[in-house]
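The values are calculated or read from the model by the stated rules, or taken from the named source; none is laboratory data. The structure displayed is predicted, hence computed values, not measured ones. Positions of Cβ are generated from backbone atoms using ideal geometry, with glycine treated the same way; all protein chains shown enter the neighbour counts.
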Amino acid sequence: MQRIAALYVAHTAITAAAPASPAHTWATAQFSAALNTIDADRHAQSAHPELLHPAAAKVLATLDREWDGLARHREYPELPLDNNTAERALRGPVVGRKNYYGSGSVVSAQLARRVFTITATAERAGLNPLTYLRAYLDECAQAGGTTPTGETLTRFLPWAAGTDDLKTWANGPRPNPDTTEPDTTSSDSRSAGDPRTGPAP
């Protein structure tokens, strides 16, 4: 745990430092030293497999399998050391799938995959997915219910969108005053325990 922590600390320092700066050079050396320590220890422990706990043997086997990818961070320190960001991004769809008991069919699973891909891309671009999708569907409606093409479609690619669109799509959806129903429930009915609203808090 301490060796892995040292690796993460050095990697964080590399990404925070300006390239070619003294801090960057120092952090790179620390990262290399931490990686070399782990490498030496894994070879020393693997030399005596009969002394290893089964759980430790499993960890070392995984480390051996993934070592080339881990060592590659020496050349590409800008890459994250783990895929935690991707795992967190998948949590929403996975929890949703469990709550609605699967997709129900292959077609619905494929549709969910497409929708989640679009919403995840919007979130990575700093956009509000609901605002973004609503703007796109409004454009489809303006086009007579057909998919936008050409420059109209390109406008909705986050990396090609204009500054004004990105700013608008980054905000949450606002309620439509034409569809918002006023609260006509009186305070008297709430205090009396109106069956539609329940007792007043």
request  = Can you run down the residue pairs with Cβ atoms below 6 Å, 6 or more apart or on separate chains, where the first is in segment 23-50 and under 18 Å from GLY69 (Cβ atoms) and the partner is among the small types (Gly, Ala, Ser)?
outcome  = PHE31/ALA10; ALA34/ALA6; ALA34/ALA10
query = Across segment 123-161, what is the number of residues that are assigned to a helix (DSSP H, G or I) and among the hydrophobic types (A, V, I, L, M, F, W, C)?
reply = 7
message = Against the definition (under 18 Å from PRO129 (Cβ atoms), in a helix (DSSP H, G or I) and not assigned by TED's automatic domain parsing to the domain that holds PHE31), how does VAL107 come out, yes or no?
response = no
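Which is farther than 30 Å from ALA120 by Cα and among the acidic types (Asp, Glu), of GLU50, GLU75?
It is GLU50.
Before we move on, is TRP26 in a helix (DSSP H, G or I), modelled with pLDDT of 95 or more and of a type in the set (A, V, I, L, M, F, W, C)?
Yes.
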request  = Keeping to segment 124-147, report how many residues are in contact (Cβ under 8 Å) with a residue 12 or more places away in the chain and surrounded by 15 or more Cβ atoms within 10 Å (Cβ to Cβ).
outcome  = 9
query = What number goes with the only condition from (1) touching an Asp or Glu at 6+ places or on another chain (Cβ under 8 Å); (2) within 23 Å of GLY92 (Cα to Cα) that ALA109 does not pass?
reply = (1)
message = Would you confirm whether or not segment 69-92 contains a residue that is modelled with pLDDT under 85, among the hydroxyl-bearing types (Ser, Thr, Tyr), outside any helix (DSSP H, G or I) and out of contact with any Leu (no Cβ under 7 Å at 6 or more places or on another chain)?
response = no
